[in-house]
Amino acid sequence: MADTQDLRDRFVRALEGVRGSSDGPDPVPYAEHLIARWQEPQRRYHTVDHLTAVLDRVDELADHADDPDVVRLAAWFHDAIYLPDRSENEERSARLAERALPEAGVSAAKTEEVARLVRLTVTHDPADGDRDGQVLCDADLAILAAAPSAYAAYTAAVREEYRFVPNDAFREARAGILRQLLGLRRLFRTPYGQEHWEATARYNLRAELEMLSPPPPPSA
């Protein structure tokens, strides 16, 4: 279970790091608002536990980022708006960042960068020189390299979020996502992610895809 007080403290540190000082509006109400969003009842995977895990991975990859605190704020906003039956969650989350961060004292340039990073999580395909994008995308996808029990819990939680989708339609859509991910030249773009997560993630994805595939027709 995520520690919400620890999350508040982490948001305060990230916001003050991006602002460059503790001057400006109190960060705590912004943290509270975001935490409340991440605790909405329709979420099963995209919860405060996922937020905490992504922030942990950003910390782990911080040496590969140009501006780790900007990446941390992007992690906070990347699924801040999440409705499983809607397709524009990332765009709406980016727009939330564009509204909230200037009010919280963040410069226009850094607000724009946070929003750009949030939008990048649609494709998880950052450019080769986009170090901050690589860190955020690797952190968000790190669950794919989880141990078998944790990966199984992740896939079960995703299915629960989409419980309104019939089984056949869900399997088809999920298989398409898995194929898209497996089709990427690299799942992970940071050197750390490539070394420590790539092989395991591809194994997990292939195994899940095989489970979703229909059985072959019986032989005559």
Once both labels are modelled 7 Å past Cα along the beta-carbon direction, what's the R163-R179 spacing in nm? 2.9
Net charge dipole size for the chain [Lys, Arg +1 and Asp, Glu -1 on Cβ; Debye, nearest 20]: 720
Determine the shape class of the range 1-153: with a ≥ b ≥ c the square roots of the Cα gyration tensor eigenvalues, call it rounded for a/c under 1.5, and otherwise prolate if a/b is greater than b/c, oblate otherwise. rounded
Contour minus end-to-end for R44 and S87, with contour as 0.36 nm per residue of separation and end-to-end as the Cα-Cα distance? 13.8 nm
Where Lys and Arg each count +1 and Asp and Glu each count -1, what net charge lies around R202 among other residues with Cβ under 13 Å from its Cβ? +1
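No lab work stands behind these numbers, since they all come straight from the coordinates. All figures in this text were calculated on a predicted structure; none of them were measured in a lab. Backbone-built Cβ (ideal geometry, glycine too); neighbour counts: all protein chains shown.
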